[in-house]
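Participant: Quick one: the structure is below, and I'll ask about it shortly.
Coordinate-derived values only; no laboratory data. The structure presented is a predicted model; accordingly, all values stated were derived computationally and were not measured. All Cβ positions, even for glycine, are placed from backbone atoms using ideal geometry, and neighbour counts span all protein chains on display.
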Amino acid sequence: MMIDALPLAVTLPLIGAFAVTVSPLHARGLGLMAAVLTAASALSVTAAVWSDGVLRADLGGWGVPLGIALEADGLSAAFLAMANVVALAVSVYAGGYFKQESARHFWPLWLLLWSALNGLFLAADLFNLYVTLELLGISAAALGALTGTREAVAANLRYLLVGLLGSMSYLLGVALIYAAYGVLDIGLVAEAIEPGPVAWTAMTLMIGGLILKAALFPMHFWLPPAHANAPAPVSAALSALVVKAAFYLALRLWLDVFAPVLNEAAANLLGILGAAAVVWGSWRALRAERLKLLAAYSTVAQMGYLFIAFPLLAATPPGLARDNLLAAVVLLALTHGFAKAGFFLAAGMVQKTAGHDRIDDLGGAAQALPAATFAIGLAGVALIGLPPSGTFLAKWVMLEQAMILGLWWWLIVMMVGTLLAAAYIFRVLSRAFNREPTPYRFVNDARTELPALLLGLIATFGLGIAAQPLWVLLEQGAFG
Amino acid sequence: MIRPLEHIIIPIGLIAVGGLLGWSFFLAVTGDTGERLAAVALARVPDSGVSNPVTSVLLNFRAYDTLLEFAVLLAALLGIWSLGAADTGFQPAASVLDGMVAGFVPLLILSAGYMLWVGAYAPGGAFQAGALLGSAGVMLALAGHRNAGLPSEGRLRILVALGVFVCAMTGLLLMVAGDGFLTYPPGLAKWLILLIETAATLAIGATLAAAYLGGRPTAHPTSGETT
């Protein structure tokens with residue numbers, strides 16, 4: 001008997017989705033069970049990569065090029081671990097958040113989305129990645145519309161169409177690569193690819209489709225309404241995980257597939273768009289009237305930082321400095337995943353208690369929920385990039401590298417973004433300390449507040465103080 | 001009146017993008033490459049348990065893709081269901097349409113069974129068979145049968161998720177048995193493919209018909225089950 005954790009991490013949520021589809025009355029119990037098992041299998045993948053190095057599974061036993069392989073290296077293992085911890089916290093929160101009728105719809109779609117995420121992080125085949133993108137896009141848009149309001153349905157229909165356009169563009173690029181080189185496995189494509197019009201067009205199509213899905217400025221127009229109108233646990237998953245998956249794939253293609261055909265112009269273009277996203281997203285977050293809209297615009301800005309890394313990576317020669325830079329980018333993405341999920345979960349709690357999420361009127365409601373407010377504060381520390389959060393460390397490495405390279409303009413953008421982030425976070429926190437006597441209890445609803453608090457703690461303390469393991473994990477096949 | 005943006009700039013831009021794509025595609029197919037995947041796949045078809053190359057790719061070489069595609073279909077239907085209940089449907093048909101439907105639906109079901117079986121060695125298979133079943137459901141819905149001839153909600157839920165379940169369980173059980181995920185043992189391949197395709201045919205047919213209804217099945221007992 002042999003158990004391979006790689007396919008298990010994708011199939012367990014599928015079996016779970018079947019179970020909750022078939023018995024909607026027990027959706028919560030079965031869903032939570034599937035969530036625990038899925039997270040356990042995915043974390044065991046990360047643990048195995050940590051101890052044994054890169055894992056690979058040839059599904060169907062055919063081997064490449066004929067069959068499909070799953071592969072986990074340090075980069076996939078890091079994202080996989082973050083996604084599954086966040087997804088588990090979201091599941092616990094959702095267990096208390098969704099009642100009867102909405103729970104029936106939430107759980108199957110949520111487990112399908114989770115399966116798509118794990119499949120995407122583990123895939124080693126360009127066409128298989130397209131299928132995971134489709135599953136991810138459809139289940140994400142359906143989940144986002146679960147509140148059933150007109151705004152939510154309209155925003156998520158737009159999200160679905162934008163997502164389809166992105167997947168189609170990606171698929172067109174894959175078709176071009178397959179026509180030219182006759183293979184789909186990432187490793188084999190990387191060996192075969194040569195600079196030329198075919199590779200450049202394919203790269204433009206694929207990365208272009210993915211930055212549409214990752215909501216990089218100016219293709220971010222769909223994100224704020226879709227994320228702000230979704231139910232809180234779904235907003236958390238969309239902002240922390242789904243856009244992050246598109247970024248992961250763009251980074252993976254950039255590093256592993258298109259490395260031989262890259263040029264600095266493309267990297268600079270991504271960086272400029274990222275810089276615009278940082279400034280514009282932070283500014284809109286500062287001006288937002290609603291807490292969830294603020295969080296959604298902050299996601300636009302945080303995705304921008306991740307894309308500023310592309311020109312820095314392109315300008316840094318291979319070696320220790322480049323490895324550190326890559327690890328910093330991954331650390332930034334992971335910290336944002338934890339922080340933004342914690343922020344949205346806590347914001348959902350505040351919204352549920354207050355009955356609205358208008359920032360200017362939040363005073364009393366936020367103060368009555370110390371744990372939720374504390375979680376927002378912790379997540380805020382990580383979003384701004386104050387020490388000891390992972391963001392602080394990551395931004396420090398990126399700033400240092402930008403200075404060494406003499407690319408000072410990225411430095412200015414990141415400083416401006418950080419100041420604006422501090423402004424919009426303190427704008428929220430200042431509303432929490434102005435009214436009402438001291439509350440009676442710190443935790444009011446353990447089921448929904450503790451997951452948010454835990455995610456905030458991981459983002460601020462876990463990833464900041466204990467970032468060293470990430471470097472060790474990324475040594476498994478991601479540096480080079 | 002000519003609006004420069006709509007009548008000149010956008011069309012020229014689209015033509016330029018199309019030309020660029022066509023040019024790169026031309027370069028891609030005429031370029032010098034090594035062994036193409038299609039040749040490798042064709043050479044291995046005899047080992048796949050079926051002789052139709054399309055089926056051997058979909059259900060054996062790249063069966064994992066197909067598993068996720070079943071999940072995509074399920075996600076699409078669950079998304080439709082989450083948006084609300086189905087409309088009450090069409091009025092019952094008059095005798096001519098009703099008679100035609102009564103004749104066509106059994107034929108479609110029969111053809112679906114044939115398509116499923118023939119997929120092993122000729123064009124056909126689960127997706128085509130499922131499409132025929134789905135069209136039978138659409139016909140019933142158009143002729144005024146509530147729920148397009150689909151069973152009650154409890155059974156319908158099993159039916160639409162069956163493709164994902166059977167395919168994933170087959171994969172997992174083969175892995176537990178020591179063969180590896182979705183790695184069919186020689187000799188059993190044909191039968192396992194048939195098992196997965198049968199489940200997938202039912203799931204695809206039910207999903208397409210249910211998607212056509214455009215909403216969650218209504219709570220009332222079905223009136224369209226008898227044809």
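Participant: Any idea which of A:VAL472, A:MET403, A:LEU429 is furthest toward the positive side of the dipole for the range A:272-480, if Lys and Arg beta-carbons carry +1 and Asp and Glu beta-carbons -1?
Facilitator: A:LEU429
Participant: Right, another one. What are the membrane-span-like helices in chain B by this rule: whole DSSP H runs, Cα extent along the axis at least 15 Å, mean Kyte-Doolittle hydropathy at least 0.0?
Facilitator: Values: long enough: B:10-30 (30 Å, 1.94); B:63-82 (28 Å, 1.52); B:95-118 (34 Å, 1.68); B:126-142 (24 Å, 1.62); B:153-176 (33 Å, 1.77); B:189-213 (36 Å, 1.54).
Helices passing the filter in chain B: B:10-30, B:63-82, B:95-118, B:126-142, B:153-176, B:189-213.
Participant: Further question on the same structure: Taking neighbour counts of Cβ atoms within 10 Å as a proxy for exposure, in what order, fewest first, do A:SER91, A:SER102 appear?
Facilitator: Working: A:SER91 25, A:SER102 17.
So the residues, fewest neighbours to most, are A:SER102, A:SER91.
Participant: Now a separate question. Once phi is turned into θ = phi - 60°, what whole-Hz ³J(HN,Hα) does the Karplus curve with 6.51, -1.76 and 1.60 give for every residue of the range A:289-294, x standing for Gly and Pro?
Facilitator: Couplings: 8, 10, 4, 6, 5, 4 Hz.
Participant: For the range B:50-213, what log10 I(q)/I(0) values come out of the Debye formula at q = 0.14, 0.15, 0.16, 0.19 1/Å, with one point per alpha carbon and no solvent?
Facilitator: The Cα Debye sum returns log10 ratios of -0.73, -0.81, -0.90, -1.14.
Participant: Treating only the Cβ atoms of Lys and Arg (+1) and Asp and Glu (-1) as charged, compute the dipole magnitude of chain A about its Cα centre; round to the nearest 20 debye.
Facilitator: So the dipole magnitude of chain A works out to roughly 1580 debye.
Participant: Let me ask something additional. Explain nothing, just the number: dipole magnitude of chain B about its Cα centre with +1 on each Lys and Arg Cβ and -1 on each Asp and Glu Cβ, in debye rounded to the nearest 20. Numbers along the way, then the final one.
Facilitator: Numbers: 9 positive and 12 negative charges, 34 e Å.
The calculation lands at about 160 debye.
Participant: Quick check for chain A: number of Lys pairs with alpha-carbon distance under 27 Å, counting only pairs 8 or more apart or on different chains?
Facilitator: Count of close lysine pairs: 16.
Participant: While we're looking at this one, here's another question. For Cα pairs less than 8 Å apart in space and 6+ apart in sequence, what is the mean separation divided by the residue count of chain B, i.e. the relative contact order in percent?
Facilitator: Numbers: 296 pairs, mean separation 62.6, N = 227.
After rounding, I find 28 percent.
Participant: I need A:PHE18, A:PHE479, A:PHE217 ordered by Cβ neighbour count within 10 Å, fewest first. Please report the intermediate quantities before stating the final value.
Facilitator: Values: A:PHE18 28, A:PHE479 18, A:PHE217 22.
Result, fewest neighbours first: A:PHE479, A:PHE217, A:PHE18.
Participant: So, one more: Work out the FRET efficiency for A:LEU157 and B:VAL40 from their Cβ-Cβ distance, taking R0 = 41 Å, and round it to the nearest 0.05.
Facilitator: On the way: r = 41 Å, r/R0 = 1.01.
For A:LEU157 and B:VAL40, the calculated efficiency is 0.50.
Participant: Let me ask something else about it. Return the average number of partner chain Cβ atoms within 10 angstrom of each residue Cβ along peptide B:167-179. Could you put the intermediate results ahead of the total?
Facilitator: Details: counts 2, 10, 4, 0, 7, 8, 0, 2, 9, 3, 2, 2, 3.
That works out to 4 on average.
Participant: A:LEU37 to A:LEU269: extension gain in nm, 0.36 nm per residue of separation minus the Cα-Cα distance? Present the calculation step by step, with values, prior to reporting the outcome.
Facilitator: Numbers: separation 232, 0.36 × 232 = 83.52 nm, distance 4.16 nm.
My answer for the length gained is 79.4 nm.
Participant: What full-extension length gain, to one decimal in nm, is calculated for A:ILE412 and A:SER51 as 0.36 nm per residue of separation minus the Cα-Cα distance? Each step should come with its number before you reach the end.
Facilitator: Working: separation 361, 0.36 × 361 = 129.96 nm, distance 3.98 nm.
Net length gain for the segment: 126.0 nm.
Participant: Which value, in debye to the nearest 20, describes the size of the charge dipole of the range A:272-480 about its Cα centre when Lys and Arg Cβ atoms bear +1, Asp and Glu Cβ atoms bear -1, and nothing else is charged?
Facilitator: Details: 14 positive and 10 negative charges, 82 e Å.
The calculated dipole for the range A:272-480 is roughly 400 debye.
Participant: Please name whichever of A:LEU30, B:THR183, B:LEU27 sits farthest to the positive end of the charge dipole of the protein assembly as shown, dipole taken about the Cα centre and charges placed at Cβ: Lys and Arg +1, Asp and Glu -1.
Facilitator: A:LEU30
Participant: Order of A:LEU30, A:LEU262, B:LEU74 from fewest to most other C-beta atoms within 10 Å? If you can, show how the numbers build up before the last one.
Facilitator: On the way: A:LEU30 22, A:LEU262 18, B:LEU74 28.
The order, fewest Cβ neighbours first, is A:LEU262, A:LEU30, B:LEU74.
Participant: Please work out, to two decimal places, the log10 of the ratio I(q)/I(0) at q = 0.19, 0.25, 0.27 Å⁻¹ from a Debye calculation in which every Cα of the range B:64-105 carries one identical scatterer.
Facilitator: For the range B:64-105 at q = 0.19, 0.25, 0.27 Å⁻¹, log10 I(q)/I(0) is -0.74, -0.80, -0.85.
Participant: Turning to a different aspect of this structure: Mind pulling the per residue volume of the convex hull built on the Cα atoms of the range A:1-134? Å³ is fine.
Facilitator: Taking only Cα atoms, the range A:1-134 has a hull volume of 109 Å³ per residue.
Participant: Lys/Arg Cβ at +1, Asp/Glu Cβ at -1, dipole of the protein assembly as shown taken about the Cα centre: which of A:LEU450, B:SER111, A:TYR181 is farthest positive-ward?
Facilitator: Looking along the dipole axis, the top candidate is A:LEU450.
Participant: Still on this structure, please answer the following. How many nm separate the modelled label positions at A:ILE404 and B:ILE8, each set 7 Å beyond the Cα in the direction of the Cβ?
Facilitator: 5.1
Participant: Given a Förster distance of 22 Å, report the FRET efficiency between B:LEU188 and B:ALA122 from their Cβ-Cβ distance, rounded to the nearest 0.05.
Facilitator: Values: r = 22 Å, r/R0 = 0.99.
After rounding, the FRET efficiency stands at 0.50.
Participant: Calculate how large, on average over all directions, the projected area of the Cα convex hull of the range A:272-480 is; give the answer in nm² to one decimal.
Facilitator: Details: hull surface 45.0 nm².
Hull-based average projected area comes out at 11.3 nm².
Participant: Just the projected area, averaged over all directions, of the convex hull on the alpha carbon atoms of the protein assembly as shown: how many nm²? Display every interim value, and only then the final one.
Facilitator: Values: hull surface 133.2 nm².
In nm², the orientation-averaged hull projection of the protein assembly as shown is 33.3.
Participant: Order these peptides, A:218-229, B:183-194, by their mean beta-carbon neighbour count within 10 angstrom, highest first. Present the calculation step by step, with values, prior to reporting the outcome.
Facilitator: Numbers: A:218-229: 22.1, B:183-194: 16.5.
Listed from highest to lowest mean packing, they are A:218-229, B:183-194.
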